[in-house]
Each structure stands twice: as structure tokens, then as C-alpha cells.
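Asks: Before I ask anything, here is the structure I am working with.
The values are calculated or read from the model by the stated rules, or taken from the named source; none is laboratory data. All figures in this text were calculated on a predicted structure; none of them were measured in a lab. Cβ atoms come from the backbone with ideal geometry, glycine included; neighbour counts cover every protein chain shown.
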Amino acid sequence: MTSDDIKNTVLRLLGTVAPEADLGRIKPGSRFRDQLDIDSMDRLNFVIALHKEFNVEIPESDYSKLETLDDCVSYLTSHMSPVPKA
Amino acid sequence: MATHLTVAAAQPVLATAHSVIHKRVEDWAVAPNLKDYSATRSAFSWAAALKELDGLPDGQGLNIAHEAIDRHACGPLRNHLAIRWIGKRGDVRDYTYGDLQILTNRFANVLKKLGAQKGDRVYVLAGRIPELYIAALGTLKQRCVFCPLFSAFGPQPIKARMTIGGAKLLVTTQCLYERKVRQIRNEVPTLEHVLIIPEEPGAELPPGTEDLTRLMAAAPPEDFNIEPTDPQDVALLHFTSGTTGTPKGAIHVHEAVVAHHITGKLALDFHADDIFWCTADPGWVTGTSYGIIAPLTNGITCIVDEEDFDAERWYRILQDQKVTVWYSAPTAIRMLMKTGKELPAKYDLSSLRFLASVGEPLNPEAVVWSHETYGLPFHDNWWQTETGGIMIANFAAMDVRPGSMGKPLPGIDAAIVQKHKDGSVEEIVEPGVQGEIALRPGWPSMFRGYWQEKERYEKCFAGGFYFTGDLAKRDADGYYWFVGRKDDVIKTSGHLIGPFEVESVLLEHKAVADSAVIGKPDPMAGEIVKAFVLLHEGRQPTDDLRRELMAWARSRLGAAVAPKEIEFVTTLPRTRSGKIMRRLLKNREMGLPEGDTSTLEQS
């Protein structure tokens with residue numbers, strides 16, 4: 001998976017949690033919560049969606065590392081197992 | 001009718017299910033204000049509670065803002081820290097009681113200059129920024145009515161609340177105005193002024209708005225004399241929801257401050273040097289009664305964090321700010337539980353003395369967990385928008401029975417009652433029997449009405465009681481145990497959502513023929529908003545349409561109110577008279593018996 005693939009997948013999952021969001025306007029370096037109308041349950045659901053899609057264990061203490069698009073891409077890149085998802 | 005259970009009620013309603021947390025005098029770092037429940041209760045009078053306040057000079061009445069700020073600003077607490085505000089990026093702004101006096105005077109002078117009169121409704125739509133606190137208290141000084149709007153509301157709930165309450169003036173940020181108000185502004189005909197807190201100083205503002213920063217700078221800071229204020233003058237308008245109909249504006253008067261003040265002392269155990277953190281947003285009643293008024297009338301320091309929940313940030317704040325009393329909510333506590341015990345172990349939380357929780361019932365596991373993790377249990381307490389202040393609580397000096405909401409405050413007469421079909425009211429004295437929590441009217445922060453809805457208000461009273469709509473049991477020792485709601489309102493993350501408000505917005509979508517909205521039990525939020533949607537003929541229940549409806553609802557209602565889940569159905573259960581049977585849908589969702597369906601219309 002290239003980092004562009006990861007980015008597009010992250011955006012797609014964000015779109016399932018906040019379908020009203022204009023994903024094309026997401027600034028990669030700023031926090032989702034500052035750009036979108038999302039609450040803490042949405043953020044939780046977003047992390048759960050990342051976990052399911054990328055098959056990556058995300059401990060609660062790492063939630064703060066998934067606040068921006070850039071954060072997500074670098075976190076997932078370094079945590080994804082090299083073996084493709086079954 | 002089938003039994004209605006919530007997440008909390010699914011736990012055993014027995015004192016023995018979780019061991020009692022005993023309170024011992026030798027464990028007290030500071031002696032609690034309420035040391036002996038029965039003795040304090042029998043000695044208590046509201047007249048004596050009133051004497052703890054000053055009243056306006058020369059017997060000119062009672063005004064919340066005077067008790068919260070001016071009386072301290074003119075005394076030894078002038079330079080005491082009143083509010084420490086922590087911004088999203090960690091920047092800190094400090095306000096002493098003296099500072100708050102000047103700023104609220106300025107704001108009151110701004111209102112005066114704009115022609116806002118006694119009783120006019122001043123709405124504030126903002127995140128937890130300093131201007132919100134200043135506007136709230138300045139509004140009360142000018143004897144206008146403060147009406148907070150939760151900043152996560154979408155345009156629809158904002159419009160509904162401003163229209164019902166007849167908003168004269170709105171204070172908001174530039175960003176929230178652009179996103180949520182601009183599109184509905186013309187639909188609120190009473191709205192004369194919109195005061196904007198600019199993104200950055202001197203920013204160009206939308207047409208028809210005024211720059212609050214400039215108005216504040218131009219207003220005289222000194223000598224705002226609060227005009228005579230009758231304790232029965234309207235001070236606060238807090239919107240809440242019922243099952244049906246539009247949101248209801250619960251009216252509170254200046255006299256409510258007597259209850260705010262004394263419950264802060266008795267239920268939250270405020271002491272002179274306390275540093276208090278109420279994590280609730282002032283968009284809801286807790287964030288106003290206990291996030292603004294009670295700590296300030298008690299002359300203590302409030303921590304205000306602009307940011308939303310974040311476990312590490314919260315522990316850092318508790319440590320760095322040396323918070324002594326912490327008032328939070330079950331959803332946040334459960335999220336902290338989820339992050340585990342290792343994280344708090346990294347922080348020095350030794351300043352903490354008293355922990356309290358409100359918003360929805362706190363499950364016993366969370367009480368036990370906090371006791372194990374922090375060495376202090378969370379003390380659940382219970383009250384409502386209508387009651388204005390804490391009514392039933394676990395006290396610092398009273399043993400905690402995990403899962404129980406505690407006992408009625410001194411000055412509060414509560415009962416478990418059953419209303420019969422003939423209108424008669426029976427008080428249930430036998431322990432362990434379920435009924436509705438009812439309160440004897442007469443405490444100072446009791447709501448005085450729903451804004452322009454006399455009939456809805458009167459319906460809340462019978463047989464000399466105010467009926468709360470909450471079902472509970474009382475054990476043999478007088479502890480109250482929450483069972484569930486009598487109606488269909490949804491408690492999500494501590495916020496009260498009316499299903500009707502959500503259903504109405506879904507119905508406005510052209511694909512939707514009918515909808516029913518319930519609270520679906522959720523381990524984290526207590527309940528989440530779930531919508532059942534019946535589509536018009538010819539519309540296919542696709543994932544794309546589900547997403548479209550989610551987007552539709554979220555952009556109108558906001559993330560806090562819109563459904564988190566939408567399920568397409570081919571029929572919705574209704575009674576013969578056409579009423580949606582939300583309870584049945586909820587029972588189905590929980591795998592419970594559906595109950596008596598004999599009055600159902602089979603389609």
C-alpha cells in the first residue's frame with residue numbers, strides 16, 4: 001500500500017463517520033476535529049474503522065496520534081504488518 | 001408495558017452487588033462541609049442558605065452575577081484567581097475576580113448601549129472560550145436572560161431554540177456564525193443584534209454583525225450598577241427536550257443562586273482554596289450551574305479547558321493545575337477507564353480530593369474502578385435541567401454504594417411515587433419498589449415554567465409533587481437507584497436529545513416516508529441516537545442513501561444530535577392512535593420482550 005492509498009482509505013473511512021464532510025478540503029496537517037463537526041463518539045468510531053480496515057491494533061493511548069490526516073498516514077505506515085490483510 | 005431498562009439498570013440493583021465504599025474520618029484530608037447527613041438535613045433551612053449570600057447593596061434584591069463576582073471583587077478575594085482558561089494549544093489566560101468584574105461590567109455596558117432591556121433574551125453560541133463566561137455573567141448584570149446554545153448543535157436546533165425563546169441578541173464566534181447561523185438568521189425575526197468574536201483582531205466580519213471585541217473596548221469598564229433585581233426575575237433559559245414536540249425552555253430565576261451556592265458546598269464539598277474543574281460545557285445546564293455559577297459564588301478557582309475530551313490532556317490538567325474537586329460525566333469516565341490504569345499512574349494526581357459525576361447514571365464498575373485507580377471514588381449525583389441544581393447525591397462523608405445516585409440534598413424532599421390512572425398519586429414507602437422520582441416544589445432553583453408553554457409546565461405537577469420522568473427505587477437505607485426514563489428521551493454522552501427533533505429533520509428528506517428515533521444502549525455513551533427509517537415507495541435502501549441521510553441529518557442537527565446509526569425498515573410500529581412505539585423498537589434493539597403489542601396497528 002502506498003501512502004496515497006493509505007491517505008485515500010483514511011479519507012474514505014472519515015467519510016463514513018462524517019458523510020457531510022467535504023473531504024477534498026481537509027488540510028492534511030490540521031486536526032480533523034478543528035475542521036469538521038465531529039464529536040468524541042465520531043472520533044472513537046473513526047479509530048475503530050481504521051483498526052478494522054488496516055488490521056492494526058490501536059491502543060487507546062495512541063488515539064492522540066491519529067488526529068490529522070498526516071498523523072494517520074505515518075502511524076498506519078509504521079504499524080501496518082507487511083503481510084497483506086487476509 | 002414491558003420493562004424499560006438502561007445500561008445502568010442492567011446492573012444488579014442491590015447494595016451488595018458491589019461492596020460499599022466506606023468513608024472513614026481518618027481518611028479525610030479536609031473535613032467535609034457535610035459531615036453528618038441526618039444532622040445537616042434536619043438543621044437545614046433555605047432561609048439560612050440565603051444568608052450565606054450578600055444580596056445587592058441597600059436591599060436591592062438578589063442577582064446571580066453580584067454573588068458570583070462583584071461581592072468577591074470588592075472584598076478580600078479581588079485578586080484571587082476566578083477562572084484559569086486553557087486554550088486548545090495549551091495557552092493559558094487567568095482572570096481574577098477583579099478582572100471578571102471589569103470585563104462583565106464592560107459586557108453589561110455593551111448590552112445597555114445596544115438597548116437590551118431587563119428580561120430580553122441574550123443567546124450565546126460558543127465553545128468554552130473566555131467570552132462565553134464573560135457574556136453569561138454580564139448578561140445577568142444587565143438583568144437580561146442568559147440562554148446558552150451548545151456549540152455542537154447544527155443550524156436546526158439553533159434556529160428552533162432562538163425562535164422559541166425570542167432571541168434579541170446573539171453572541172457567537174465568526175466561525176460558528178458562518179457555519180451555523182448565517183443560513184438561518186433571517187428566520188429568527190426577533191434577533192436584532194449579532195455580536196461576533198472575530199477569528200483574529202480586525203478581521204472583516206459578515207454583514208449585519210457587530211464586532212464584540214471593539215464594542216467591549218469602547219464600553220466603560222467601571223461602575224456598572226446592577227439595577228434592583230427581584231429574586232423572582234428570570235435569569236436563565238435552558239433548553240431541554242421531551243419525547244414529543246419542540247424543545248422546552250426551562251426558566252430559572254435569580255433566586256436559583258441560593259441552591260447553586262449551597263449545593264456546591266454540600267454536594268461538591270467546595271472549600272475556600274479549592275481548584276475546581278467541571279468538564280461540562282455551559283451549553284448544558286451543568287456547565288452553567290456548576291461550570292460558572294456555583295464555584296464563583298463560593299469564591300474558588302475554576303479551570304476551563306477549551307478542548308474536548310482527551311485522556312492524556314485531562315490527566316495533565318489535573319496534575320499541573322492541582323485540581324482538588326473534579327466534576328465530570330459517565331461517558332468521559334468510561335473513556336478514561338478504557339485507557340487503563342497505567343496512564344494515570346504517570347501523573348501526580350495527589351491534589352485531588354473529591355470526584356463527582358452527573359449526566360446519566362454512573363455504572364458501579366466505574367465507581368469501583370475510580371476508587372482503585374485514583375484512590376477516590378466518583379460520587380454520582382442526580383438532577384435535571386428543570387431542577388437547576390443537584391437534588392440527590394453521594395456526599396464526601398457518606399458511604400458510597402456503587403451504582404446508587406445517593407440521597408436527597410438537605411432542603412430537598414424526594415419521593416418514589418406512582419401516578420394512578422384516575423390522577424391520584426401514591427407515595428411508595430416500601431423499599432426496593434420501582435416508581436417515578438418526584439420532588440416537593442419549593443427549592444430556589446426549581447424551574448418556574450417552560451418558556452411560553454404553560455400547559456406543558458403544569459403537566460409536570462400533581463398531588464403536590466413535581467414529576468421528574470425518571471424511574472428509580474429507594475433501598476431500605478434511603479439510597480436512590482436509577483432504573484430508567486419514563487418517556488423516550490435519549491441520553492447520549494450526558495446530553496438529552498428529543499427523538500422528535502431528529503425525526504422531523506429526517507422527514508424533511510424527500511426519500512423518507514416515516515422515521516422513529518430511539519436511544520440505543522451503548523457501552524461508552526450510555527445511549528447513541530439510532531434512527532429507523534421507512535422509505536417512500538421506489539426508493540432503494542442502499543448504503544449510499546444511508547450515507548446521504550446521515551449527512552443530511554448531521555449538517556442540519558450537528559454531530560451531537562444527529563443519529564449515529566440509521567436502519568432501513570419496511571414498517572414502523574404505531575399504536576392505533578398513530579403514536580410511534582419507540583419503546584417497542586428499543587426493546588427489540590436490546591433483545592428484550594417486546595411487551596404488550598395488542599394496541600399495535602399491523603400494516
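Asks: When residues of the range B:339-363 are filtered for being surrounded by fewer than 22 Cβ atoms within 10 Å (Cβ to Cβ) and either at pLDDT below 95 or within 14 Å of chain A (Cβ to nearest Cβ) (or both), how many remain?
Replies: Total meeting the criteria: 9.
Asks: Here's a follow-up. Hey, can you tell me all the residues within the range B:52-64 that are outside any loop (DSSP other than H, G, I, E, B) and either out of contact with any strand residue (DSSP E or B) (no Cβ under 8 Å at 6 or more places or on another chain) or without any contact (Cβ under 8 Å) to a residue 40 or more places away in the chain (or both)?
Replies: Once the filter is applied, which keeps residues that are outside any loop (DSSP other than H, G, I, E, B) and either out of contact with any strand residue (DSSP E or B) (no Cβ under 8 Å at 6 or more places or on another chain) or without any contact (Cβ under 8 Å) to a residue 40 or more places away in the chain (or both), the range B:52-64 yields B:Pro57, B:Asp58, B:Gly59.
Asks: A further question on this structure: When B:Gly375 is evaluated against the numbered criteria (1) without any contact (Cβ under 8 Å) to a residue 60 or more places away in the chain; (2) closer than 30 Å to B:Asp99 by Cα; (3) not polar (S, T, N, Q), which criterion, by number, is the only one it fails?
Replies: Of everything listed in (1) without any contact (Cβ under 8 Å) to a residue 60 or more places away in the chain; (2) closer than 30 Å to B:Asp99 by Cα; (3) not polar (S, T, N, Q), B:Gly375 misses just condition (2).
Asks: Does the range B:65-72 contain any residue that is over 30 Å from B:Glu312 (Cβ atoms), among the basic types (Lys, Arg), touching a residue at least 24 places away in the same chain (Cβ under 8 Å) and outside any loop (DSSP other than H, G, I, E, B)?
Replies: Among the residues of the range B:65-72, not one is over 30 Å from B:Glu312 (Cβ atoms), among the basic types (Lys, Arg), touching a residue at least 24 places away in the same chain (Cβ under 8 Å) and outside any loop (DSSP other than H, G, I, E, B), which makes the answer no.
Asks: Just to be sure, is B:Lys180 crowded, with 24+ Cβ neighbours inside 10 Å and either assigned by TED's automatic domain parsing to the domain that holds B:Leu53 or touching a strand residue (DSSP E or B) at 6+ places or on another chain (Cβ under 9 Å) (or both)?
Replies: Yes.
Asks: For the subset of the range B:12-24 comprising residues that are modelled with pLDDT under 90 and of a type in the set (A, V, I, L, M), which member is nearest to the chain's Cα centre (by Cα)?
Replies: B:Val13
Asks: Where residues in the range A:56-86 are assigned to a loop (DSSP other than H, G, I, E, B), surrounded by 14 or more Cβ atoms within 10 Å (Cβ to Cβ) and modelled with pLDDT of 90 or more, which of them is nearest to the other protein chains (Cβ to nearest Cβ)?
Replies: A:Glu67
Asks: Which number in (1) within 14 Å of another protein chain (Cβ to nearest Cβ); (2) at pLDDT 95 or above; (3) farther than 20 Å from B:Ala311 by Cβ marks the one condition that A:Leu23 misses?
Replies: Here A:Leu23 clears every test but (2).
Asks: Can you pull out every residue in the range B:546-581 that is in a loop (DSSP other than H, G, I, E, B), away from chain A (no Cβ under 14 Å) and basic (Lys, Arg)?
Replies: The answer is B:Arg576, B:Lys579.
Asks: Quick one: in the range B:575-592, of everything that is farther than 13 Å from B:Ala516 by Cα and either of a type in the set (A, V, I, L, M) or in contact with a helix residue (DSSP H, G or I) (Cβ under 7 Å, 6 or more places away or on another chain) (or both), which residue is modelled with the lowest pLDDT?
Replies: B:Leu592
Asks: Residues in the range B:180-208 that are within 18 Å of B:Lys168 (Cβ to Cβ) and either in a loop (DSSP other than H, G, I, E, B) or free of Cβ contacts under 8 Å to residues at least 40 places away in the same chain (or both): how many?
Replies: The qualifying residues number 12.
Asks: Could you say which residue among B:Ala235, B:Ala217, B:Ala250, B:Ala311 is surrounded by 24 or more Cβ atoms within 10 Å (Cβ to Cβ) and among the aliphatic types (A, V, I, L, M)?
Replies: B:Ala235
Asks: Same structure again: Return yes when B:Val110 is within 22 Å of the chain's Cα centre (by Cα) and either assigned to a helix (DSSP H, G or I) or at negative phi (or both) and no when it is not.
Replies: no
Asks: On to the next question. Could you say whether any residue in the range B:564-585 is touching a Gly at 6+ places or on another chain (Cβ under 7 Å) and under 24 Å from A:Ile38 (Cβ atoms)?
Replies: Scanning the range B:564-585, I find no residue that is touching a Gly at 6+ places or on another chain (Cβ under 7 Å) and under 24 Å from A:Ile38 (Cβ atoms), so the answer is no.
Asks: Moving on to the next point. From the list B:Leu212, B:Leu237, B:Leu195, B:Leu205, which one is of a type outside the set (D, E, K, R) and under 30 Å from B:Lys51 (Cβ atoms)?
Replies: The unique qualifying residue is B:Leu237.
Asks: Hey, A:Asp4 hits all of (1) within 14 Å of chain B (Cβ to nearest Cβ); (2) assigned to a helix (DSSP H, G or I); (3) more than 23 Å from B:Ser493 (Cβ to Cβ) but one; which does it fall short on?
Replies: With (1) within 14 Å of chain B (Cβ to nearest Cβ); (2) assigned to a helix (DSSP H, G or I); (3) more than 23 Å from B:Ser493 (Cβ to Cβ) applied to A:Asp4, the lone miss is (1).
Asks: Just for the range B:366-405: of the residues that are at positive phi and in contact with a His (Cβ under 7 Å, 6 or more places away or on another chain), which one is surrounded by the fewest Cβ atoms within 10 Å (Cβ to Cβ)?
Replies: The qualifying residue surrounded by the fewest Cβ atoms within 10 Å (Cβ to Cβ) is B:Gly403.
Asks: Within the range B:140-156, track down each residue that is in a helix (DSSP H, G or I) and either out of contact with any helix residue (DSSP H, G or I) (no Cβ under 6 Å at 6 or more places or on another chain) or surrounded by fewer than 24 Cβ atoms within 10 Å (Cβ to Cβ) (or both).
Replies: Residues satisfying the conditions are B:Pro155, B:Gln156.
Asks: Can you name the residue in the range B:507-526 that is buried (at least 22 other Cβ atoms within 10 Å of the Cβ) and within 14 Å of chain A (Cβ to nearest Cβ) and, of all such residues, is nearest to B:Leu584 (Cα to Cα)?
Replies: So the residue we want is B:Gly519.
Asks: Read through the list (1) within 12 Å of chain B (Cβ to nearest Cβ); (2) surrounded by fewer than 15 Cβ atoms within 10 Å (Cβ to Cβ); (3) under 24 Å from B:Leu176 (Cβ atoms), then give the number of the only condition that A:Ile48 fails.
Replies: (3)
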